[in-house]
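J.: Below you'll find the structure I mean.
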Amino acid sequence: MPSLSGKTITQIRMYVHRKNVGGNAAPVTTYFKPHTYTSKPSGAPSYQSPQTTASFKLNEGKWITIPSSFYAGFVSGSYKGIGIYINSTSQNYYAKFDATAKLEITYK
């Protein structure tokens, strides 16, 4: 990711796709939170405090608008990406997503 130092972020969007197999057949509310990793962590990841949510049906892909509460962390360079977070072991929240996503940051 290029440096955003000194830039003004006007929008962040993320595209993710929920797979058509595995998990709850009903729509699942998913939490998106920023992280500070430049590579996959060796254990369970830690996330930063801002979050946003979106609901996904089976085999649904969509762009999610990330709230401005995330922007400062990306501009400072402390946030390196956004992860999917669920703080539950309930099968109601179980969903499988594609291993890749797209992160679009618009700035001036």
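The values are calculated or read from the model by the stated rules, or taken from the named source; none is laboratory data. Nothing here was measured: the structure is a model prediction, and the numbers come from that model. Reconstructed Cβ throughout: ideal geometry from the backbone, glycine too, with neighbour counts over all protein chains shown. The accessibility values were calculated without ligands, DNA or RNA, using every heavy atom of the protein model including side chains. Shrake-Rupley method; radii C 1.70, N 1.55, O 1.52, S 1.80 Å.
J.: Can you pull out every residue in region 29-47 that is open to solvent by 80 Å² or more (accessible area, probe 1.4 Å) and of a type in the set (D, E, K, R)?
T.: Lys40 - this is the single residue of region 29-47 that is open to solvent by 80 Å² or more (accessible area, probe 1.4 Å) and of a type in the set (D, E, K, R).
J.: Filter region 1-28 down to residues that are surrounded by 13 or more Cβ atoms within 10 Å (Cβ to Cβ) and of a type in the set (S, T, N, Q), then give me how many there are.
T.: Qualifying residue count, region 1-28: 1.
J.: Return the residues of region 15-74 that are aromatic (Phe, Trp, Tyr), under 27 Å from Leu4 (Cα atoms) and assigned to a strand (DSSP E or B); say none if nothing qualifies.
T.: Tyr15, Tyr31, Phe32, Trp63
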